[in-house]
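Input: a single structure, listed below in structure tokens.
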Amino acid sequence: MIDLYAAPTSNGLRAKIMLEECGLDYTLHHVNLAEGANQSDEYLAVNPMGLIPAIVDRDGKDGNPVTLSQSMTILTYLATKSGKFMPEHLAMDTIFWRNTMSIATDMTGVLMAIMTIGRMDNPHQPTMDDFGARFNRYLKYWDGLMFTQKYAGADEVSIADFAFYPVVYRAKAVVPQYTDGCPNIDRWYDEIGARPGVQKGLDFGQG
Ligand SMILES: N[C@@H](CCC(=O)N[C@@H](CS)C(=O)NCC(=O)O)C(=O)O
């Protein structure tokens, strides 16, 4: 059994989606960021950085518990544990990793900046416009990539898709204007979003 500590942000959603897609048993602990639950002593004992997501796998290597933070580390760990969504040929593929890391750093980082600025009382519009234009520019790179390649990481579904989907999902929900003009992304988004595991992964219930 795995304990997942998360909130429905892009980083949190990618861990939950991956657990669902891998068919692994887990218990969700919804960490309420608005109430500062990520800074509670209980949560800091799981991740001293106070960031979500984190997992505790009670049945880790050699039967010992494993505690992990960093969403991409969690995805890689779960792929290795389940033997799904990161076949050996992709694990050794530098182009796959370049693009997957771009999702984790460029795409997610810029979206987090946009979300943070948007939550401010008096958002500084030129800064918002700059990050919005960057997000759209980077997304157009991905749109070009997905003109020739079916999925985010390769021609097969992989951890790259589950890393990327929540970024586009949150952007479409909050700042859809920065996702305009990307028809290949839209085609991919509809297909990945229709997967039952992705649907369940997005569901945080009422809590
Ligand atoms: N690089 C980390 C980023 C984690 C992160 O920034 N999580 C955000 C939510 S998306 C968070 O916990 N924010 C709470 C805070 O900053 O206080 C990852 O990929 O897991």
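Assorted remarks:
- Members of the range 144-170 found to be β-branched (Val, Ile, Thr) and either within 23 Å of residue 9 (Cβ to Cβ) or in contact (Cβ under 8 Å) with a residue 12 or more places away in the chain (or both), listed by number: 157, 159, 167, 168
- Residue under evaluation residue 113, criteria (1) within 16 Å of the ligand (Cβ to nearest atom); (2) open to solvent by less than 10 Å² (accessible area, probe 1.4 Å), criterion not met: (2)
- Test: residue in the range 86-97 that is in the same structural domain as residue 137 (by TED's automatic domain parsing), within 16 Å of the ligand (Cβ to nearest atom) and either among the acidic types (Asp, Glu) or open to solvent by 20 Å² or more (accessible area, probe 1.4 Å) (or both): yes
- Strands (runs of 3 or more DSSP E) fully within the range 1-73 counting 2 or more residues that are open to solvent by 20 Å² or more (accessible area, probe 1.4 Å): 26-30, 66-69
The values are calculated or read from the model by the stated rules, or taken from the named source; none is laboratory data. Since the model is a prediction, treat every value here as computed from it, not as a measurement. FYI the Cβ positions are ideal-geometry reconstructions off the backbone, even for glycines, and counts take in every protein chain you see. The protein model used for the area step is the full one, side chains on, heavy atoms only, and it has no ligands, DNA or RNA in it. Shrake-Rupley method; radii C 1.70, N 1.55, O 1.52, S 1.80 Å.
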